[in-house]
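Beneath this line is the structure, given in structure tokens, with notes to follow.
The values are calculated or read from the model by the stated rules, or taken from the named source; none is laboratory data. In this text, all values refer to a predicted model and were calculated from it rather than measured experimentally. Positions of Cβ are backbone-derived with ideal geometry, glycine not excepted, and every protein chain shown enters the neighbour counts.
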Ligand SMILES: Cc1cc2c(cc1C)N(C[C@H](O)[C@H](O)[C@H](O)COP(=O)(O)O)c1[nH]c(=O)[nH]c(=O)c1N2
């Protein structure tokens, strides 16, 4: 077997050591942002780069099922925040006792504070009725859309832009506020804006809601549940 040189390999495929580290740096320090947004609008060229990054995500059968609804209107964002508040009340009631109290103390969105909302949707009809790679699992279109969101999120980290994913909605509320057709799936509401700081660790972890799991417990070898290599 040839000796393996990770540095030479990444350099051969166009990544200097510093560039490779920059990729990991973006991954490790990306955070979900809820309450650190600044009101300054995002410049159009920054938004364009984030959307271009999203649009270069992998997608099943190259389906590119995503759309991005950019929402700057404060009035529309206020309606979206109201929709969140209603859903969040329902969500809180699903937890018991102390956990419910702890849930109520969490801030789980920055819809009004962030100057830009990006509603990311998935069109299951794009690419026709039979799509390469999606024939046995139609959810692959949603997964592709999530890949686009992750690209955007990482690019935003490198641009110094904060992103917060909000999913606590009744989907119908967002569809009605934004005029989204029935057959289109809402995948995410993203709060986007410059930030004054970022947490070093996930905010939910810092606030004691839930901790990162040990990776070695999640990796199996040659079959489900086998932790030993
Ligand atoms: C599909 C999906 C949906 C949501 C989220 C994420 C994802 C992937 N997250 C953010 C989530 O809480 C966060 O990613 C984790 O807590 C880990 O923190 P960091 O993203 O590493 O900061 C999130 N956060 C929040 O405050 N309100 C929300 O509704 C949601 N919804």
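Below is a table of values for the structure above.
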read-out: Candidate set: segment 184-210, residues that are in a loop (DSSP other than H, G, I, E, B) and under 19 Å from the mean Cα position of the chain (by Cα); chosen: the one nearest to residue 80 (Cα to Cα); value: 184
read-out: Sole exception among (1) within 13 Å of the ligand (Cβ to nearest atom); (2) in a loop (DSSP other than H, G, I, E, B) for residue 181, by number; value: (1)
read-out: Single unsatisfied condition, residue 146 versus (1) away from the ligand (no atom under 12 Å from the Cβ); (2) part of a helix (DSSP H, G or I); (3) in contact (Cβ under 8 Å) with a residue 40 or more places away in the chain; value: (1)
read-out: Among (1) modelled with pLDDT under 95; (2) in contact with a helix residue (DSSP H, G or I) (Cβ under 8 Å, 6 or more places away or on another chain); (3) exposed (fewer than 12 other Cβ atoms within 10 Å of the Cβ) - the single one residue 211 does not satisfy; value: (1)
read-out: Selection within segment 82-99 - touching a helix residue (DSSP H, G or I) at 6+ places or on another chain (Cβ under 6 Å) and surrounded by fewer than 14 Cβ atoms within 10 Å (Cβ to Cβ); value: 95
read-out: Of all residues making up segment 198-210, the number that are more than 9 Å from the ligand (Cβ to nearest atom) and on the phi < 0 side of the Ramachandran plot; value: 3
read-out: Filtered residues of segment 156-176 (kept if within 15 Å of the ligand (Cβ to nearest atom) and in a helix (DSSP H, G or I)); value: 156, 157, 171, 173, 174
read-out: Single condition residue 227 does not satisfy, out of (1) without any contact (Cβ under 8 Å) to a residue 40 or more places away in the chain; (2) within 10 Å of the ligand (Cβ to nearest atom); (3) in a loop (DSSP other than H, G, I, E, B); value: (2)
read-out: Meets criteria (out of contact with any helix residue (DSSP H, G or I) (no Cβ under 8 Å at 6 or more places or on another chain), closer than 15 Å to residue 69 by Cα, more than 10 Å from the ligand (Cβ to nearest atom) and at pLDDT 95 or above) for residue 193; value: no
read-out: Any chance residue 79 is closer than 30 Å to residue 126 by Cα and surrounded by 10 or more Cβ atoms within 10 Å (Cβ to Cβ); value: yes
read-out: Close pairs (7 angstrom Cβ cut-off, 6 or more residues apart or separate chains): within 26 Å of residue 20 (Cβ to Cβ) and touching a residue at least 12 places away in the same chain (Cβ under 8 Å) in segment 152-177, assigned to a loop (DSSP other than H, G, I, E, B) and more than 15 Å from the ligand (Cβ to nearest atom) anywhere; value: 161/42
read-out: Any hit, segment 143-163, residues being more than 26 Å from residue 203 (Cα to Cα) and either modelled with pLDDT under 95 or surrounded by fewer than 20 Cβ atoms within 10 Å (Cβ to Cβ) (or both); value: no
